[in-house]
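Visitor: Submitted below is the structure of interest, expressed as structure tokens.
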Amino acid sequence: MEPLFRPVNTPPRAAATVVLLRDGEHGPEVMMVRRHGGSEVLGGAYVFPGGKLDEHDSDEALLARAGAPPEALQARLGEHALEARIAAGLFVAACRETVEEACVLLARGADGELAGRVHRHLHAGAAFGAVLAQLGLELASETLVPWSRWITPRVPALMNRRFDTRFFVAALPPGQQARHDGREVTESVWIAPHAALQRYRRGEMLLVPAQIMTLDHVGRHASVASVLEEAGRRPPLVVEPESFEDEGVRTMVYPGDERHPVRTRAMPGPTRLVMRGPLFEPPEGFDAFLD
């Protein structure tokens, strides 16, 4: 993917993504999927399962199976200016995209067999709400913990569209195994966050800045429980990057950087990424991700 330099003036579209976690030998591992190379959005990139908010995600019948009232989910998201049914719909979208792309069903009492059934129904064209109703399922929205909110800048790094994406963290449910769908996403991998960054460094894995910064943040934790504990004790981080050319170098800055309008740091680690060749990295190099 080539970097973009022209502004995108359309408003950002609401989206949801799930950082699916499991404990590995040396700390938490994340499930990443590779988007189909022909995709209009981030084709060939490794991302967390997710996608845009569908209008049906906020249907009344579907929200009745969301696992909590819309007002409660709105409060958990921490966005009181957002309509409650839209806030709840983002939790639904996160669950729907996770089972569509990763075959992991965040529903109460769901095991691997049930996740596979729902996955097959959706890929046969069935509506998510209809499948949940048919199987008598209620979503386990309590397993989704809001982590951050990323709003694509007007001059995006690698996309010609803007998104307002809510990132959730969730542990892989017992008895389920994640796998890619083979359609929207063509590969998948469980990987330690900093191992993913090293693969990106070597040109073996295509990543974009939001995933890069999220991997660095999650990778600073020693366990899944530690990630979930951080997410549960603070409101979601709001990150609206600023993108510009600095002496001919494409630069992305984040809250806390001297060039960002928000002077309070949002995340640990570097406050800016610069593009060197095909890679985004901290100005001082990739070792800054390990500080």
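The values are calculated or read from the model by the stated rules, or taken from the named source; none is laboratory data. Nothing here was measured: the structure is a model prediction, and the numbers come from that model. Cβ sites come from the backbone with ideal geometry, for glycine too, and all protein chains shown count toward neighbours. With ligands, DNA and RNA removed, areas are computed over all heavy atoms of the protein, side chains included. Shrake-Rupley method; radii C 1.70, N 1.55, O 1.52, S 1.80 Å.
Visitor: Please list, ordered by first then second residue, the pairs with beta carbon atoms under 6 Å, 6 or more apart or interchain, first in segment 59-81 and within 17 Å of Leu132 (Cα to Cα), second open to solvent by less than 30 Å² (accessible area, probe 1.4 Å) and in a loop (DSSP other than H, G, I, E, B).
Guide: Listed by first residue and then by second, the contacts come to Gly67/Ala140.
Visitor: Now a separate question. Exactly one of these conditions fails for Thr165: (1) farther than 25 Å from Asp287 by Cβ; (2) out of contact with any His (no Cβ under 9 Å at 6 or more places or on another chain); (3) of a type in the set (S, T, N, Q); (4) outside any strand (DSSP E or B). Give me its number.
Guide: The number of the failed condition is (4).
Visitor: Follow-up. Gly78 is checked against (1) more than 23 Å from Val189 (Cβ to Cβ); (2) over 21 Å from the mean Cα position of the chain (by Cα) and fails just one. What number does that condition carry?
Guide: For Gly78, the exception is condition (2).
Visitor: Going through segment 53-94 one residue at a time, which ones are of a type outside the set (A, V, I, L, M) and part of a helix (DSSP H, G or I)?
Guide: Glu55, His56, Asp57, Ser58, Glu60, Pro70, Glu71, Gln74, Arg76, Arg85, Gly89, Phe91
Visitor: Scan Glu229, Glu258, Glu284, Glu245 and give me the residue that is assigned to a strand (DSSP E or B) and open to solvent by 40 Å² or more (accessible area, probe 1.4 Å).
Guide: Step by step, each of Glu229, Glu258, Glu284, Glu245 is checked, and only Glu245 is assigned to a strand (DSSP E or B) and open to solvent by 40 Å² or more (accessible area, probe 1.4 Å).
Visitor: So which pairs qualify, if the first residue must be in segment 201-213 and assigned to a loop (DSSP other than H, G, I, E, B), the second must be hydrophobic (A, V, I, L, M, F, W, C) and open to solvent by less than 20 Å² (accessible area, probe 1.4 Å), the Cβ gap must be under 6 Å, and the two must be at least 6 apart or on different chains?
Guide: Qualifying pairs under 6 Å: Leu206/Ala45; Val208/Ala45.
Visitor: Right, next: List every residue pair whose Cβ atoms sit under 8 Å apart, with the two residues 6 or more apart in sequence or on different chains, where the first one lies in segment 89-106 and is among the small types (Gly, Ala, Ser) and the second, anywhere, is crowded, with 24+ Cβ neighbours inside 10 Å and in a loop (DSSP other than H, G, I, E, B).
Guide: Ala94/Leu106; Ala94/Leu144; Ala102/Pro49
Visitor: Further question: Would you check if Ala195 is assigned to a loop (DSSP other than H, G, I, E, B) and either under 17 Å from Gly269 (Cα atoms) or touching a residue at least 60 places away in the same chain (Cβ under 8 Å) (or both)?
Guide: no
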